[in-house]
Amino acid sequence: MALANLKQTATEARLSELTLPVGGCLAEARRAALSRVQTMGLPGRRDEYWKYTRPDTLTQAIAPTAAVFQHDEAPIFDEFDCLKIVFVDGVFDAEASDDLQLEGVQIDRLSDIESQDIHWSKDLYGVLEARGQDPVPRPLAALNTAFAKDGVVIRVTGKPSKPINLIYNHQSESSDAMLHHVIRIDAGAEVTVLENGPAAARFNKCSEIDIADGGALHMICAQGRDHERRAATHLFARLGEKSVFKCFTLTVNGVLTRNEAVVELLGDDAVVHIAGACVGDGDFHHDDTVFITHVAENCESRQVFKKVLRNGATGVFQGKILVKSTAQKTDGYQISQALMLDDDSQFLAKPELEIYADDVACSHGTTSGAIDEEALFYLQSRGVPRRDATNLLTLAFLAEAVSEIGNQDIVDTIVCRLENWLIRRL
Amino acid sequence: MAALDQTQVKEGIDQETVDAVREVGGAYKHGWATDIEMEYAPKGLTTDIVRLISQKNEEPQWMLDWRLQAYDRWLTKEEPSWAMVDYPEIDFQDQYYYARPKSMEVKPKSLDEVDPKLLETYKKLGIPLKEQMILAGVEGAENAPAEGRKVAVDAVFDSVSLGTTFKAELAEAGVIFCSISEAIREHPELVKKYLGTVVPVSDNFYATLNSAVFSDGSFVYVPPGVRCPMELSTYFRINAENTGQFERTLIIADKGSYVSYLEGCTAPARDIAQLHAAVVEIIIEEDAEVKYSTVQNWYPGDENGKGGIYNFVTKRADCRGDRAKIMWTQVETGSAVTWKYPSCILRGDDSQGEFYSIAITNNYQQADTGTKMVHLGKNTKSRIVSKGISAGHAQNTYRGLVSMHPKAKNARNYTQCDSLLIGNKCGAHTVPYIEVKNNSARVEHEATTSKVDDDQLFYCRSRGMDEEAAVALVVNGFCKDVLQALPMEFAMEAQQLVAISLEGSVG
Amino acid sequence: MLNIKNLHVKLEDEDKQILKGVNLTVEAGKVHAIMGPNGSGKSTLSYVLSGKGGYEVTDGSASLDGQDLLELEAEERATAGLFLAFQYPVEIPGVGNMTFLRTAVNAQRKARGEDPMSAADFLKEVRKTAKSLKIDAEMLKRPVNVGFSGGEKKRNEILQMAMLSPKMCILDETDSGLDVDAMKLVAEGVNALRDGKRGFLVITHYQRLLDHIKPDVVHIMANGRIIKTGGPELALEVENNGYAGILAEVE
């Protein structure tokens, strides 16, 4: 079907500002992705899954500028011993990065493998993204596959001694960055990937993740404190038998964030947990869009999202559990909750279940409301001032999502950042 | 077996249910057709057909103009495609838009003169004799002695309303209950004031179509402070082949009044799909309360998915006044395709909306049903309880919207959607939209999907029930919250329907 | 110590007068009991004193050691030494009992210009107090009141009371929903805090709690007023004859 005129024009305008990298082992994948973008068109306001989030500033040809935000907090994961890989405004910074050598992992820069004819990542690049386009189109991810020039491809073959930390620094107020990562966890291998930083004025990230049987990946991401930045991140994961994928995202500030996660459970007994905590103030708009497909038997999926909103902030949650007829004994759980600290905020949610297998236990819950006055009064009656009591209850509200992170040190770090956010707003 | 005795069958299943389930046998009970000479308008939809329908109903010019305007709007509209239902394209020009039994042209003097086939139809539908007489239009039937419980019935047979029972008694209380065509003639001021104010002409494709071609339906007006002395009931039946039924219901509960309204539907088994596109509008003024209960048992098609009713219905209640109350209860077991979202506009402060639904799909049935709760006023409350049961190759979707507007301070919503799957070739889906725009509003939504509990089934079977009866019993327990919301007479019928609808779903 | 004069209270949202001129003085070291039928305003009195929202004081005053209570925020009243043991303690999922208690203790210390209690000292203190109330360590780790039995909730209230060492304790229907053993345990906890300086106001529907917490003065409340005051024998009279007799006598 031909695209609507408006969509066609917008898509062409965006594409006219970009040049397709040519040659190398990824050329074919890039051409196919470009053709996907042309067929689907970039997101428009009338698209079902863009009902609650305006895509305009994410799709317009030239990115809106965003001031670089200066603050005195140390980068969030600095206290942990990690292998650091630094990008500045979406470009790899070799000097600031560690040597990419670590036992049990093979790390390459995307632009380096581009020139090679054969590379293991060729079989994954653009492949998982393309699989994730059905039934809901994700054109910004296809755009990323076609045009992203930088990123890392990580192959985990063992259990490396420390986490890999991808740091996204933002220095130019007009930067428009695209990064594309491919992560392959071999059978039985395990790694933790930490990501932090606002990345750019406008950031489009696409991560393709393939976890083989018995592999495990833990991802924790903090999207920086810049107020004006915009981000559309995409995560496409495919899980093998008995594999584990746990992902947590912390978002504070940012005028626009759209985090999409598309996960397919292809091997029996696999486990996926996707969680997020976000706190927003003022013109903050935060959107979590999650699509989990159960194909294999006896898998577990959990989605836990908590949003604290104040002063006109908007929180969006669109989450789906799709259980195919082959996925008997599925355990699917989803919870999305908003705490609105004042009257101007909004919470818009579409939590979906689509189930074709009968021997399953799936549930979802969504709640929205103000802080519990009864609990507040109880704390006050014990001498805790109202503001402290509000903060305590707000943190308690966020705790369920944060506790999805297995590592207690990281939990403490995240909680500390959330506390600071609350204190700054007293 | 001592341990077994302690196992609990789902709460709410009593002996009555068990008996009801046992007693009912056979497939679709209302699947016979009545062989009556019909008068048809030509197939297809043109302005001429719209004019003809208006003329047959002896409508005034303003009504015809309203219809023609709707027809023009309809031509510009597209059929919606967002629902999770899949059916062959409908040729709207291959439908009859008007059909009525020929015998209605001259009023019979006594039951002897009534087409016996029509009477047979009523008898099969279980309508009492006196009501049969009135429905058949027998003169003086109103004075005949009544039998059994009092329920005023308005029956719509294909395109026309056949007559309304207990009219005089209702009139005494000031309640107007008649066919909509009669209301247009007799109470134009009320119809003009309210028609199309809850479901506007251009609301959606099917509602617009209905506005152009509705041939009949029911009209209720309950004056201020009146508690309607009996339950009002409409019976819809599609009989003629290739006929679309487009009835229109308008209910007005004036300040401080109360009415309970029951709607039942049946259609004969035919292997060609038939179209049904109804509109129900309810206006509820200050302190008034309306209960609207539906048992929808249109022909669902055969076990291979052939035939059945395509049911595209727009139902909406507008709680205009403060403290107005609406309660929708529906048991949807029929139709090949169901597309239906009885909604509540909670405009008045402290107004309340409730939606209780059971949707059962078996074989190749598809249902996409749910509700909209639009909270506009302060302290408005809504409650949604939806139970979806899917068996065979059926697809069952709950689709709903809860919207809390910025001015709906302290509004509350609680939603519980549960789905049950029987067999692994069917689907159960939940698509809620939740939009909260003020922080004093509290929304809670919960949904679960699971299969029929094996322990419960085993318990029933160990007491001698076969698997089908056991499933029906357990499913009735699963639906208890909704069945309880139905008026007594309907609840029994609904329990039986649950059992019939699931026939052939196990083993 | 606690001085209530001519207190009139109505619901904030509704035109409903609940307290219609309550006069009550609780001296330091004394235990006063308020008894009365349901709906007499007993619980409202405790809520108004502790600063719960939703009520409007239309007349009268309430002070603690000369300090006007009605002027203060709820937490300031707590810091001033007022403690309410709730009839229905709230469950707070996600907040650990220990975190809750420590936050409260240190907030009050801070308000009084004292240094916060060190984690070690606090832990020692809590453990000691908890042990005397037969509260096990597991309960301290769980979220506040979540999944607690009725008895556990009430004991938790008394634990908080002991840790916060208030001047004036109000116990609102502390016996409701407790069996005799659980009630004895709670009463022992309360009696341990009777040190001759602290004031207590015990609100109850039944006399049985007063068998275990012996009052100095008993008040009967009905229809928003204290209609009769007497010694412990008044409670027995209620137990034997019910409220009807006293109500009739007053009218």
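The values are calculated or read from the model by the stated rules, or taken from the named source; none is laboratory data. Keep in mind that this is a model prediction, so the values were computed, not measured. Ideal geometry is used to build each Cβ from the backbone, glycine not excepted, and the neighbour counts take in all protein chains shown. Ligands, DNA and RNA are excluded from the accessible area calculation, which covers all protein heavy atoms including side chains. Shrake-Rupley method; radii C 1.70, N 1.55, O 1.52, S 1.80 Å.
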*Within the range B:423-434, can you find the residues that are crowded, with 21+ Cβ neighbours inside 10 Å and within 7 Å of another protein chain (Cβ to nearest Cβ)?*
B:Gly427, B:Ala428, B:His429, B:Thr430, B:Val431, B:Pro432, B:Ile434
*Residues (open to solvent by less than 10 Å² (accessible area, probe 1.4 Å) and part of a loop (DSSP other than H, G, I, E, B)) located in the range A:204-225*: A:Gly215
*So which pairs qualify, if the first residue must be in the range C:59-75 and closer than 24 Å to A:Asp388 by Cβ, the second must be among the charged types (D, E, K, R) and open to solvent by less than 50 Å² (accessible area, probe 1.4 Å), the Cβ gap must be under 6 Å, and the two must be at least 6 apart or on different chains?*
C:Leu69/C:Arg77
*Where in the range A:307-426 are there helices (runs of 4 or more DSSP H), lying fully within it, with 1 or more residues that are within 13 Å of chain C (Cβ to nearest Cβ) and touching a residue at least 24 places away in the same chain (Cβ under 8 Å)?*
A:386-402, A:408-424
_Quick check on this structure: which one of C:Glu114, C:Glu138, C:Glu152, C:Glu125 is in a loop (DSSP other than H, G, I, E, B) and farther than 27 Å from C:Leu24 by Cβ?_
C:Glu114
*Among the residues of the range C:48-58, count how many are touching a residue at least 40 places away in the same chain (Cβ under 8 Å) and facing chain A (nearest Cβ under 8 Å).*
2
*Output the residue which, of all residues in the range A:173-191 that are in contact (Cβ under 8 Å) with a residue 60 or more places away in the chain and open to solvent by 40 Å² or more (accessible area, probe 1.4 Å), is farthest from A:Glu73 (Cα to Cα).*
A:Arg184
_Let me spell it out: the conditions are (1) in contact with a Phe, Trp or Tyr (Cβ under 8 Å, 6 or more places away or on another chain); (2) assigned to a helix (DSSP H, G or I), and A:Phe87 meets all of them except one. Which number is the exception?_
(2)
*Would you mind stating whether B:Tyr398 is outside any loop (DSSP other than H, G, I, E, B), of a type in the set (Phe, Trp, Tyr), more than 7 Å from every other protein chain (Cβ to nearest Cβ) and within 26 Å of B:Gln366 (Cα to Cα)?*
yes
*Among the residues of the range B:337-357, write down those that are farther than 22 Å from B:Ala441 by Cα and either open to solvent by 10 Å² or more (accessible area, probe 1.4 Å) or of a type in the set (Ser, Thr, Tyr) (or both).*
B:Thr338, B:Trp339, B:Tyr341, B:Ser357
*If you scan the range A:40-83, which residues turn out to be open to solvent by 70 Å² or more (accessible area, probe 1.4 Å) and among the charged types (D, E, K, R)?*
A:Arg45, A:Arg46, A:Glu48, A:Lys51, A:Arg54, A:Asp72, A:Asp78, A:Glu79, A:Asp81
*Residue check, B:Thr448 against (1) open to solvent by less than 30 Å² (accessible area, probe 1.4 Å); (2) within 18 Å of B:Ile360 (Cβ to Cβ); (3) at the interface with chain A (Cβ under 8 Å from one of its Cβ atoms), all met but one. Which one?*
(1)
_Residue check for C:Glu125: open to solvent by 60 Å² or more (accessible area, probe 1.4 Å) and more than 14 Å from chain A (Cβ to nearest Cβ)_ = yes
*asked:* Among the residues of the range C:89-116, what is the count of those that are more than 9 Å from chain A (Cβ to nearest Cβ) and closer than 20 Å to C:Leu49 by Cα?
replied: 0
*So which residues in the range A:281-304 are outside any strand (DSSP E or B), modelled with pLDDT under 95 and open to solvent by 30 Å² or more (accessible area, probe 1.4 Å), if there are any at all?*
A:Asp283
_Residue list for the range C:167-177, restricted to those being within 14 Å of C:Val202 (Cβ to Cβ) and open to solvent by 10 Å² or more (accessible area, probe 1.4 Å)_ = C:Glu173, C:Ser176
*Within the range C:57-93, how many residues are open to solvent by less than 70 Å² (accessible area, probe 1.4 Å) and under 17 Å from the mean Cα position of the chain (by Cα)?*
20
*Evaluation of B:Arg383 against (1) open to solvent by less than 20 Å² (accessible area, probe 1.4 Å); (2) at pLDDT 95 or above (one fails), failing number*: (1)
*asked:* For the range A:41-55, check the following and say yes or no: at least one residue is among the hydrophobic types (A, V, I, L, M, F, W, C) and outside any helix (DSSP H, G or I).
replied: yes
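Here is a yes/no grid of residues against (1) of a type in the set (D, E, K, R); (2) at pLDDT below 85:
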position	(1), (2)
B:Ala408	no, no
B:Lys425	yes, no
B:Ile434	no, no
B:Ala447	no, no
B:Ala470	no, yes
B:Glu489	yes, yes
B:Ile500	no, yes
*Tell me, yes or no, whether the range B:365-373 has at least one residue that is within 12 Å of chain A (Cβ to nearest Cβ), part of a strand (DSSP E or B) and under 18 Å from B:Val443 (Cβ atoms).*
no
_Residue selected from the range B:404-421 under the condition facing another protein chain (nearest Cβ under 10 Å) and crowded, with 23+ Cβ neighbours inside 10 Å, by the criterion farthest from B:Arg316 (Cα to Cα)_ = B:Leu421
*Might you let me know whether the range C:208-225 holds any residue that is open to solvent by less than 10 Å² (accessible area, probe 1.4 Å), of a type outside the set (Val, Ile, Thr) and assigned to a helix (DSSP H, G or I)?*
yes
*Looking at (1) within 14 Å of the chain's Cα centre (by Cα); (2) more than 20 Å from B:Glu189 (Cα to Cα); (3) modelled with pLDDT of 80 or more, find the lone condition where B:Gly264 falls short.*
(3)
